[in-house]
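Below is one structure, written out as structure tokens, with a few remarks after it.
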Amino acid sequence: MTNEALLYRKNGCGLCDEVRELLEILQEEFQIHVREVNIEGNRLLEEKYLYEIPVLHLNGEELDYRSIDLFTIRERLHEY
């Protein structure tokens, strides 16, 4: 089964790059379809996520930057 990951990010965001790298590492272990959305220029997404990025939607569950790490993502993927 393929896991769905949606990463909300913006340009120049080091934390966003780190989350993308974590997902790339985990793609060696899990089937993950990753889609990235740049929030810049989208007023609604900027209002919602400007101070919260990176935000990762993983199989429908939202994780914000405070709860994103390799172990948490791996745990969520095992649950799915």
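The values are calculated or read from the model by the stated rules, or taken from the named source; none is laboratory data. A quick note: this is a predicted structure, and the numbers were derived from the prediction, not measured. All Cβ positions, even for glycine, are placed from backbone atoms using ideal geometry, and neighbour counts span all protein chains on display.
Provide a single number: the residues in segment 26-64 that are assigned to a loop (DSSP other than H, G, I, E, B) and within 19 Å of LYS10 (Cβ to Cβ). Lay out the reasoning, then the answer.
As a first pass, look at segment 26-64 and keep what is assigned to a loop (DSSP other than H, G, I, E, B): 27-31, 39-42, 50-54, 59-60.
Applying the additional criterion that residues be within 19 Å of LYS10 (Cβ to Cβ) yields 39-42, 50-54.
Residues in segment 26-64 being assigned to a loop (DSSP other than H, G, I, E, B) and within 19 Å of LYS10 (Cβ to Cβ): 9 in total.
Quick check: anything in segment 39-48 in contact (Cβ under 8 Å) with a residue 40 or more places away in the chain and more than 12 Å from LEU23 (Cα to Cα)?
Step one: filter segment 39-48 for residues in contact (Cβ under 8 Å) with a residue 40 or more places away in the chain, giving none.
Within segment 39-48, not a single residue is in contact (Cβ under 8 Å) with a residue 40 or more places away in the chain and more than 12 Å from LEU23 (Cα to Cα).
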Q: State which residue is nearest to the chain's Cα centre (by Cα) when the search covers only segment 5-17 and only residues that are surrounded by 14 or more Cβ atoms within 10 Å (Cβ to Cβ) and not in a loop (DSSP other than H, G, I, E, B).
A: LEU7
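Only one of these is at pLDDT below 95 and touching a helix residue (DSSP H, G or I) at 6+ places or on another chain (Cβ under 7 Å): GLU79, GLU52. Name it. Break it down into steps so the answer makes sense when it comes.
Numbers: GLU79 fails: touching a helix residue (DSSP H, G or I) at 6+ places or on another chain (Cβ under 7 Å).
The conditions single out GLU52.
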Q: Write out, first by first residue and then by second, each pair whose Cβ atoms fall under 6 Å of each other, whose residues are 6+ apart or on separate chains, and whose first residue, in segment 1-23, is in contact (Cβ under 8 Å) with a residue 60 or more places away in the chain while the second is aliphatic (A, V, I, L, M) and in a helix (DSSP H, G or I).
A: ASN3/LEU77
